Amino acid sequence: MNVTKNQIDDLNATIKIQLDKDDYATRVSDALKDYQKRAVIDGFRKGKTPFGIIKKMYGKAVLIEEINKLIGESLSNYIQENDLNILGEPLPSETEQKELNLDEESFEFVYDIALSPAMNVKLSKREKVPYYIIKVDDEMIDKQIESICKSNGELTPVDTIEGSEYVKGELIELGEDGKPKEGGIHVEDASLSVEHMKDEEQVKIFTGKQAGNEVIFNPSKAYPNKTDYAALLQVSKEEAEHVTSDFCFIISEIKRYVEAEVNQALFDKVYGEGNVKSVEEFRARVKEDLAKQFKAHSEYRLTVDARDKMLKKNEDVVLPETFLKRWMLATNKELTQEAVDKDFDSYRDEFKWQLIKGDMIKENSIKVEDEDMKAVGREVAAAQLQQYGLYGLSDEQLDGFAVRLLENEKQRASLYDRALENKIFSVIKEGVKLEEQEISMDDFGKLFEK
């Protein structure tokens, strides 16, 4: 076997692989012998088919298969051994590849490769990148406290329905005569939400009623969503489709969701017993939590601006675009030449960004450790839990969630990528001058409209 590289220009080259019979003959013979052991052919016992018949039946297919394997291994080994930093993957040459004749004993394969240009990843404190700090104002704190009160409320028994209550009782289907329907639907422990009724007339029927009262209403009008309707009747969605009767609801219990009050009980529930002892301290902690949430927004915006900064530093770097367009079409059958040409500006930036990251990793010997992924896992878990009103959890409390994320192979790969990017951006943050700017949430949002 002979493997050679022909340098066309700084960004393009070809790799030529010449195979002689000695390079592939043993592999083909071994593969055919394996076929012989497994072959089941009429007139012969399994594994007893003569080798000549096997070779005649499968010889060319096995030859192609083994040559393809050998070519793949040879390309990979050559690129690795010669430390070639390539873009994409090798593609069969459109101009130099000769038509193969399988009846010959020697073969020649020519592949086009694209070489990665060197990127400028040197950083200087003379370079400036904006860092936006979102201002936490009183209005934000008030809204957050309102949200906390809503998420920490509870159902409280009340005497009278006003329109937003949860009601329990007995549900009985009625016939056209207004009496219980024989064989009709009867739910002894039914429950419904007056607040979620979609028909105002049905809401009015319940308004003012108390425990022990009987209410005649039409649930199919009250709950036009058949999933909700079926859940109330405790029947399948298909069965509910055909039920349009009036029902009698005998009220046994009325509860109203009451938001939590801003008091010591709420402070203890949200931040642990005794950790917050006054409204002022509570507002301060809420402000601190909001600042932490907004820091994640600030960090994300920094990644956008830092990426733009690095791309700007490398705007004059030329890529092997003809090859890249061809490679994109070869590896994604859904893409068209028109689509690639139209959107290549964004593709170009992404190719450059990947090269920049790769060079930064090498330049700064960046590595991701398990603790780095665990830290990202804690951040992900904290963000998810805050959606359910859980704030101020310690790293120790979040560790369990992070460990479970790392046990999932897909999640672990995602955490690795995030941790790697975090380290790359940390290098950028350390290497340039961050210009801190306080900004309102409204103006921060406008940054993404540009």
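Just the residues that are open to solvent by 100 Å² or more (accessible area, probe 1.4 Å) and more than 37 Å from the chain's Cα centre (by Cα), please, taken from the range 187-205.
Scanning the range 187-205 gives Glu188, Asp189, Glu200, Glu201, Lys204.
Here are Ala118, Ala114: which of them is assigned to a loop (DSSP other than H, G, I, E, B) and touching a residue at least 24 places away in the same chain (Cβ under 8 Å)?
On the way: Ala114 fails: assigned to a loop (DSSP other than H, G, I, E, B).
After ruling out the rest, the residue left standing is Ala118.
If you scan the range 140-156, which residues turn out to be more than 13 Å from Leu290 (Cα to Cα), of a type outside the set (Gly, Ala, Ser) and under 30 Å from the mean Cα position of the chain (by Cα)?
Lys150, Asn152
Go through Ala260, Ala230, Ala222 for me and flag whichever is open to solvent by less than 60 Å² (accessible area, probe 1.4 Å), closer than 25 Å to Gly175 by Cβ, under 37 Å from the mean Cα position of the chain (by Cα) and of a type outside the set (Val, Ile, Thr).
Every option except Ala230 fails the conditions.
Can you name the residue in the range 98-108 that is open to solvent by 60 Å² or more (accessible area, probe 1.4 Å) and within 45 Å of the chain's Cα centre (by Cα) and is also nearest to Thr14 (Cα to Cα) among such residues?
Out of the qualifying residues, it is Lys98.
Does Asp30 satisfy being part of a helix (DSSP H, G or I) and more than 38 Å from the chain's Cα centre (by Cα)?
In short, yes.
Give the residues of the range 433-450 that are part of a strand (DSSP E or B) and either free of Cβ contacts under 8 Å to residues at least 12 places away in the same chain or closer than 20 Å to Phe294 by Cα (or both), sorted by residue number.
First, the residues of the range 433-450 that are part of a strand (DSSP E or B): 433-439.
Scanning the range 433-450 gives Leu434, Glu435, Glu436, Gln437, Glu438, Ile439.
Out of the range 148-176, which residues are over 20 Å from Phe247 (Cα atoms) and in contact with a helix residue (DSSP H, G or I) (Cβ under 8 Å, 6 or more places away or on another chain)?
Within the range 148-176, Ile148, Cys149, Asn152 meet the criteria.
Out of the range 263-287, which residues are surrounded by 13 or more Cβ atoms within 10 Å (Cβ to Cβ), under 34 Å from the mean Cα position of the chain (by Cα) and either under 17 Å from Ser394 (Cβ atoms) or of a type in the set (S, T, N, Q) (or both)?
Hits for the range 263-287 are Lys269, Val270, Tyr271, Arg285.
Among the candidates Leu319, Leu290, Leu302, single out the residue that is buried (at least 18 other Cβ atoms within 10 Å of the Cβ), of a type outside the set (Phe, Trp, Tyr), assigned to a loop (DSSP other than H, G, I, E, B) and out of contact with any His (no Cβ under 7 Å at 6 or more places or on another chain).
On the way: Leu290 fails: assigned to a loop (DSSP other than H, G, I, E, B); Leu302 fails: assigned to a loop (DSSP other than H, G, I, E, B).
It is Leu319.
Of the residues that sit in the range 73-88 and are open to solvent by 40 Å² or more (accessible area, probe 1.4 Å) and farther than 14 Å from Ala13 by Cβ, which one is farthest from the chain's Cα centre (by Cα)?
Selected residue: Glu81.
Residues in the range 163-184 that are in a loop (DSSP other than H, G, I, E, B), touching a residue at least 24 places away in the same chain (Cβ under 8 Å) and more than 44 Å from the chain's Cα centre (by Cα): how many?
Adding up the residues that qualify gives 4.
Is it the case that some residue within the range 188-200 is more than 17 Å from Arg256 (Cβ to Cβ) and among the hydroxyl-bearing types (Ser, Thr, Tyr)?
no
Return the only residue of Gln354, Gln411 being without any contact (Cβ under 8 Å) to a residue 60 or more places away in the chain, under 20 Å from the mean Cα position of the chain (by Cα) and under 23 Å from Glu127 (Cβ atoms).
Within the list Gln354, Gln411, the selection yields Gln354.
Across the range 369-397, what is the total count of residues that are under 21 Å from Ala419 (Cβ atoms) and modelled with pLDDT under 85?
Within the range 369-397, residues that are under 21 Å from Ala419 (Cβ atoms) and modelled with pLDDT under 85 number 13.
Can you confirm whether Glu253 is surrounded by 13 or more Cβ atoms within 10 Å (Cβ to Cβ) and outside any helix (DSSP H, G or I)?
Taking the combined requirement at face value, the residue satisfies it.
Look through Asp83, Asp138 and report the one residue that is out of contact with any helix residue (DSSP H, G or I) (no Cβ under 7 Å at 6 or more places or on another chain), on the phi > 0 side of the Ramachandran plot and free of Cβ contacts under 8 Å to residues at least 24 places away in the same chain.
Asp83
Can you spot a residue in the range 387-399 that is without any contact (Cβ under 8 Å) to a residue 60 or more places away in the chain, in contact with a Leu (Cβ under 6 Å, 6 or more places away or on another chain) and assigned to a helix (DSSP H, G or I)? If you could, list the steps in order and put the result at the bottom.
We begin by selecting, within the range 387-399, every residue without any contact (Cβ under 8 Å) to a residue 60 or more places away in the chain; these are 387, 390, 393-399.
After this cut, where a residue has to be in contact with a Leu (Cβ under 6 Å, 6 or more places away or on another chain) as well, the list is none.
Looking for residues that are without any contact (Cβ under 8 Å) to a residue 60 or more places away in the chain, in contact with a Leu (Cβ under 6 Å, 6 or more places away or on another chain) and assigned to a helix (DSSP H, G or I), one finds none in the range 387-399, hence no.
So that you can scan it fast, the table gives a plain yes or no per residue for (1) in contact with an Asp or Glu (Cβ under 9 Å, 6 or more places away or on another chain); (2) surrounded by fewer than 17 Cβ atoms within 10 Å (Cβ to Cβ):
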| residue | (1), (2) |
| --- | --- |
| Pro90 | yes, no |
| Glu96 | yes, yes |
| Ala118 | yes, yes |
| Asp138 | no, yes |
| Thr160 | no, yes |
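Quick one: would you say Ala382 is open to solvent by less than 60 Å² (accessible area, probe 1.4 Å), in a helix (DSSP H, G or I), without any contact (Cβ under 8 Å) to a residue 60 or more places away in the chain and closer than 30 Å to Glu273 by Cβ?
Values: open to solvent by less than 60 Å² (accessible area, probe 1.4 Å): yes; in a helix (DSSP H, G or I): yes; without any contact (Cβ under 8 Å) to a residue 60 or more places away in the chain: yes; closer than 30 Å to Glu273 by Cβ: yes.
So Ala382 fits the description; yes.
Could you tell me whether the range 420-432 includes any residue that is touching a Lys or Arg at 6+ places or on another chain (Cβ under 6 Å) and not in a helix (DSSP H, G or I)?
No, the range 420-432 has no match at all.
The values are calculated or read from the model by the stated rules, or taken from the named source; none is laboratory data. Quick caveat: nothing in here was measured; it's all calculated off a predicted structure. Glycine also receives a Cβ, built like all others from the backbone with ideal geometry; neighbour counts cover every protein chain displayed. SASA here: full protein model, heavy atoms, side chains in, ligands and nucleic acids out. Shrake-Rupley method; radii C 1.70, N 1.55, O 1.52, S 1.80 Å.
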